[in-house]
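Everything below concerns the one structure shown next.
The values are calculated or read from the model by the stated rules, or taken from the named source; none is laboratory data. Here the structure is a predicted model, which is why all the values come from computation and not from measurement. Cβ sites come from the backbone with ideal geometry, for glycine too, and all protein chains shown count toward neighbours.
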Amino acid sequence: MKRELGIARCGLACCLCSENQKCGGCGSNECPDNDWCENKKCSMEKGITHCYKCKEDCKKGLLNKIKPYAFTLFMKRYGEEKLLDCLAENEKKGIVYHREGITGDYDDFDDVEQLVEFIVTGKR
Ligand code: SF4
Ligand code: SF4
């Protein structure tokens, strides 16, 4: 885990992204989605660093996917550092963020609260 890359504006975990060998994270503007990312554009216009700092319950852009939505909800509740702590702990337990392509153990959920619980406990 490259903790220093942190979490992208949308809630995706740059620190664990399989692209992060060649991409320096959301703030580097090297993300393949950089030029059309709705969450990046909107949060920059609002003058906030991340969607989790936004008061709206929003499903725009990547927030229509359960993983960035749940990570964003988690950070609204517990903060970014706590999310990074949990992701680091879960990695030690063998939980994989990107197992195949851009999907992994945090993607196989239909219920956002169950995913938040999984982030906290590392158990399902
Ligand atoms: S590709 Fe996107 S999600 Fe992955 S490290 Fe780069 S900015 Fe982050
Ligand atoms: S409205 Fe949606 S996309 Fe825009 S900053 Fe808020 S959460 Fe992000």
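How many residues does the stretch 34-55 contain that are part of a loop (DSSP other than H, G, I, E, B), within 12 Å of ligand 1 (Cβ to nearest atom) and without any contact (Cβ under 8 Å) to a residue 12 or more places away in the chain?
The number of residues fulfilling the criteria is 0.
Those residues that are surrounded by 14 or more Cβ atoms within 10 Å (Cβ to Cβ) and either polar (S, T, N, Q) or in a helix (DSSP H, G or I) (or both), I need them from the stretch 90-102; list them, please.
Asn90, Glu91
When the residues of the stretch 1-28 are narrowed to those that are out of contact with any Gly (no Cβ under 9 Å at 6 or more places or on another chain), assigned to a helix (DSSP H, G or I) and more than 8 Å from ligand 1 (Cβ to nearest atom), which ends up modelled with the lowest pLDDT?
In this case the residue turns out to be Gln21.
Are there any pairs, at least 6 apart or on different chains, whose C-beta atoms fall under 6 Å, with the first in the stretch 110-122 and without any contact (Cβ under 8 Å) to a residue 24 or more places away in the chain and the second assigned to a helix (DSSP H, G or I) and among the β-branched types (Val, Ile, Thr), and if so, which?
Cβ pairs passing all conditions: none.
Restricting the stretch 14-34 to residues that are more than 16 Å from ligand 2 (Cβ to nearest atom) and among the charged types (D, E, K, R), which is farthest from Ala88 (Cα to Cα)?
Glu30
Take the stretch 66-106 and flag every residue that is at pLDDT below 95 and not small (Gly, Ala, Ser).
Within the stretch 66-106, Arg99, Glu100, Ile102, Thr103 meet the criteria.
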